[in-house]
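Inspection log for the structure reproduced underneath, given as structure tokens.
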Amino acid sequence: MTIQPMTNLKIDMHTHIIPKHLPKWTEKFGYGDFINLHHHKEGAAMMMKGSKFFREIQSNCWDGQERIDEYATHGTQVQVVSTIPVMFSYDAKPEDALEVSRFLNDDIATLCHKYPKNYLGLGTIPMQDEELAIKELERCKNELNLPGIQIGSNINDKNLSSPRFFPIFEACERLGMAVMIHPWNMMGFHNMDRYWLPWLVGMPAETSRAACSLIFGGVLERLPKLRVNFSHAGGSFLTTLGRVEHGFNCRPDLVAIDNPVNPREYIGKFWIDSITHDPLLLKYVLELQGSKRITLGSDYPFPLGDLEIGAYIEEMGLSDEIVEDIFCNATLEWLDLPKSQFEL
């Protein structure tokens, strides 16, 4: 799809949302540590993982109008919403994970229907079961009118290159569903919990793990029309591309066993979001990716995200064309959506 210029439109494609009220799935299913919300005070809730406190969140995690009002202060009109990764429930029994996914997807679809000019939604699917995942993927597309899904960087410690997940990616390509890959279940989590290292070190590594898995496993080669977006600016993948490529060249017997194509050849064939927190790094990824493959993202409403939603991008001296690509055009192409949908 060719995207025509659009002035002053900002689409934040990396934001998270959760229903204000959640079923008590741990009690219903009789096992696990599913997330529940305890609304302990006005405008806030405690996320409880089973019976343990996980984090406190504010009402902007669920209040659609409050989010729109906050976004207006940053000149941003549209949010692409997806669930909080802790809600994936990949470790649950497949049928239970499907129930959780359906509940979350229905809530997102309701929000998008209520505010069609302000919200787009990404669904979640039970990746641990291919048949159920594809079933819910098709429902997201055909019944809920969601343009894509969000999945984790690994599924119960299995890399995304695992053959069991290929039918899901194949279905995404067939249905034209965009895929956002978000780090979660960070490798080494329990060995580096001090200093918030899982979020500062583990998350970038997880995103690189996902990118390398899809490239080396041949998934992107076999599915050239699959539209994948790696969050957090691709994590550590682009910044370590030289090392990744060198490993491919010097030890093809270890690296190139499933796909003989140099990983550098895939640059520009996937999308990344703009969450670099660093203008120098954004300039670097612009050199590699080009502006048509970098989407505006903030990770709203969480503090590790871009709290001013692209403000530093406007201060970098970039051309209007590049800024417009990042602020809207790249996301519209990734989601395969027409500009007319958001003409206000």
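No lab work stands behind these numbers, since they all come straight from the coordinates. The structure displayed is predicted, hence computed values, not measured ones. Every residue, glycine as well, gets a Cβ built from its backbone with ideal geometry; the counts of neighbours run over all protein chains shown.
Specify the residue with the greatest mean-square fluctuation among Asn249, Asn36, Asn185, computed from a Gaussian network of the chain linking alpha-carbon atoms under 10 Å apart. Sorting by GNM fluctuation, first place goes to Asn249. Of the peptides 45-51, 96-102, the ranking by mean beta-carbon count within 10 Å, highest at the top, reads 96-102, 45-51.
For the cross-link pairs Lys283/Lys339; Lys49/Lys269; Lys135/Lys269, which exceed 32 Å when the distance is taken from alpha carbon to alpha carbon? From Lys283/Lys339; Lys49/Lys269; Lys135/Lys269, over 32 Å: Lys49/Lys269. Summing Lys and Arg as +1 and Asp and Glu as -1 over all other residues whose Cβ lies under 11 Å from the Cβ of Met46 gives a net charge of +3.
With each label modelled as a point 7 angstrom along the Cα→C-beta vector, the Asp91-Tyr284 pair spans 3.3 nm.
Taking every DSSP beta bridge with both residues inside the range 11-339, roughly what % is antiparallel (nearest 5)? In the range 11-339, approximately 35 percent of DSSP beta bridges are antiparallel ones.
Rounded to the nearest 20, the Cβ-based charge dipole of the range 164-226 about its Cα centre (Lys and Arg +1, Asp and Glu -1) stands at 80 debye.
Comparing mean-square fluctuations of Gln65, Gln128, Gln289 from a GNM of the chain with C-alpha springs under 10 Å, the top value falls on Gln65. Name the residue, out of Arg222, Arg67, Arg209, whose mean-square fluctuation peaks in a Gaussian network model built on the chain with Cα pairs under 10 Å. Comparing Arg222, Arg67, Arg209 in a Gaussian network model of the chain, the most mobile one is Arg222. Of all DSSP-defined beta bridges confined to the range 1-133, some 60% are antiparallel rather than parallel. Strictly over 20 Å apart at the Cα level, which of Lys93/Lys141; Lys93/Lys158; Lys24/Lys52 would you flag in this model? Over 20 Å Cα-Cα: Lys93/Lys141.
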